[in-house]
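The block underneath contains the structure these notes are about, expressed in structure tokens.
The values are calculated or read from the model by the stated rules, or taken from the named source; none is laboratory data. Because the structure is a prediction, the values reported are computed rather than measured. Cβ coordinates were reconstructed from backbone atoms using ideal geometry, including for glycine residues, and neighbour counts include every protein chain displayed. Each accessible area value is taken on the protein alone, full model and side chains, heavy atoms only, with ligands, DNA and RNA left out. Shrake-Rupley method; radii C 1.70, N 1.55, O 1.52, S 1.80 Å.
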Amino acid sequence: MDSGRLLGTLDVGAMAAAITPDGRFALIGYQDGMARLWDLSANRWLTTLTGHADNTSVVALTSDARLGVTCGPPNADVWDLTTGRCLATLTGDVKSVAITSNGGQLLSGHENGEVKLWDQSASMGRCLQNLSGHVGSAHTVAITPDGRYGVSGGRDGTVRWWDLTGGRCLRTLTGHADAIVSVAVSADGRHAVSGGWDKTVRTWTIGGGAVAPWCYSRPSTATDLTDRAAEFRKRLAQARRSLDRDDLAAAAAELRAARTVPGFARDATLLAMWRHVGHGGRRAGFLDARERGALTGHVRPVVSVAITPDGRHAVSGGGDKSVRWWDLDTGTCLRTLSAHTEPVVCVKVTDDGRHALSSSNDTSLRWWDLDSGRCLLTLTGHTDGVSLVALTQDGRHALSGGKDMTVRWWDLDTGQCLRVLTGHTDGVWSVAVTPDGRHAVSGGFDRTMRWWDVSSGRCRGVFTGHTDTVLSVAITPDGRQAVSGGDGTVRLWDLETGQCVRSLTGHTDTIMSVTITPDGRHAVSSSMDATVRLWDLEAGTCLRVLTGHSARIWSVAMTPGASRVLSGSSDTTMRLWDLDWDYEFS
């Protein structure tokens, strides 16, 4: 590199390359599925490796050029480069590989988001660690020469730093606005570099210093660990027998006992059974909250999110003028809908997940078929930007609020505006409607809320109390209660009396979005302070503060059973959270 002179050209069709530290050898992967080991000083290839049916897109090489790894999804092959013999094949939709300097350990990234550590020297491919955390594919991995630390980059736009000895994620690094396609780590494990589809390269300081406060754990013997695992399995088996008898209370008691077994509180099978049992009970105490991961794809702020009742799919809208349809189980964007000519301000999705409604600063609403991605209707009538929208439960009617100070009632079968509700003295920013479409609530820049009889267009009440714009409102299905936010407080309202029942404080900046559970007992809010808060409305207390976003959170959505929360932020990401509750059974 001293002169910048081209030393040689090694074939054509190269897809990937790795080079030894001394610059003597290189392993190159090609479009035809082959890979070749090159002697760079002599400008000649030494070994040809065949085995992949298509592109050899990732290669890795030990420092002595003795071992190499080639990846041609869905598999990765480990090679003895002196003989050209394949030593092992790694399966599981492998997307990326890396190997330690001595070839003792190998790190792989997979389509399902898992990162796996392999002991290559011991038994030709024994998996030592299975690391999870990415939402969507783990596109790229790197490992320190000593095999102690690893770095991965994913479709979710995050870089993760792993302690490969302990099998835990030490840090999750955010900043990229799209998927990460390449990472590299320094030999001492203190620095990393990442490159992404957002056309940026970022450098990270990841090592050094304490990564977490010390906590002390009582050592356990092998016998203790075996006994705990046996106790856990016994409790699950008893819970299954209770479920077979439709005895939900007994099943819940066994699962509660299983949760107390050290090390098993977040076992995936346990949590799945707990959610199943909970469908037949009533939410009682709050137990836990955990982030599932970040979803990336938008290149501008995510202004609105909506989630299907089963928590499996979502719709988002953003400043990039697009509407996106997501699979939340995999973290993948299934479809991008483009038609709006200005930022999308609000999105809603029907309960069956077949249709979505979006509003925009371009003064229009659009009604989408999510299966085909086709815009079925364009609703016009507002003379200024359309803020928030709401759907009836059957998906046949919608309510919209606009900066033109009007609330409009729409027929989604015909695209006709059936009624215009007037009364606000400034722009309308938020709307909510009861499932049957009979009543609605709106909030606006005039700092008031209005309670509407939609069929007659009559305003049944004007509620005051907020000291700034009412940016979000939500209403219970029975039309008895509403929750609002905007000036730093979350307010609970009795819609019959027009009284503010409770004012909840805790956010340190303007509240951007609120949502309420169907029973009116719990609410979730998001704020410009970059936090999401979960509230017990009966007690007036904050149950949990969810952090992770790095900028204002414009929108938050929750499943009817309060099992999942989705948030959208100016940091261009969405974050998915799982909530666990205790349940009561009659």
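For the reader, a short list of remarks on this structure follows.
- Being of a type outside the set (S, T, N, Q), farther than 18 Å from residue 409 by Cβ and either open to solvent by less than 10 Å² (accessible area, probe 1.4 Å) or more than 29 Å from the chain's Cα centre (by Cα) (or both) holds for only one residue in 441, 490, 454, and it is 490.
- Where a residue in the range 569-586 is within 14 Å of residue 157 (Cβ to Cβ) and its partner, wherever it lies, is of a type in the set (S, T, N, Q) and assigned to a loop (DSSP other than H, G, I, E, B), with Cβ under 6 Å and at least six apart: 571/550; 573/296
- Meets criteria (under 18 Å from residue 474 (Cα atoms) and of a type in the set (A, V, I, L, M, F, W, C)) for residue 554: yes
- Residue check, residue 446 surrounded by fewer than 18 Cβ atoms within 10 Å (Cβ to Cβ) and part of a loop (DSSP other than H, G, I, E, B): no
- Matching residues, the range 243-280, being farther than 12 Å from residue 563 by Cα, in contact with a strand residue (DSSP E or B) (Cβ under 8 Å, 6 or more places away or on another chain) and open to solvent by less than 30 Å² (accessible area, probe 1.4 Å): 252, 277
- The range 62-83 residues that are closer than 11 Å to residue 27 by Cβ, paired with ones that are part of a strand (DSSP E or B) and open to solvent by 60 Å² or more (accessible area, probe 1.4 Å) (beta carbon under 8 Å, 6 or more apart): 79/85; 81/46
- Selected residue [touching a Cys at 6+ places or on another chain (Cβ under 9 Å), in a loop (DSSP other than H, G, I, E, B) and at positive phi] from 479, 381, 437, 395: 381
- Some residue of the range 502-521 being polar (S, T, N, Q) and in contact with a His (Cβ under 8 Å, 6 or more places away or on another chain): no
- Test: residue 460 is buried (at least 16 other Cβ atoms within 10 Å of the Cβ) and either part of a strand (DSSP E or B) or within 37 Å of the chain's Cα centre (by Cα) (or both): no
- Yes/no for residue 508 being out of contact with any Cys (no Cβ under 7 Å at 6 or more places or on another chain), surrounded by fewer than 23 Cβ atoms within 10 Å (Cβ to Cβ) and under 28 Å from residue 319 (Cβ atoms): yes
- All of 344, 407, 389, 349 fail the test of being surrounded by 22 or more Cβ atoms within 10 Å (Cβ to Cβ) and more than 19 Å from residue 473 (Cβ to Cβ), apart from 344.
- In the range 147-164, the residues that are at positive phi reach residues that are modelled with pLDDT under 85 and open to solvent by less than 30 Å² (accessible area, probe 1.4 Å) with C-beta atoms within less than 6 angstrom, at least six apart or across chains, in these pairs: 147/100.
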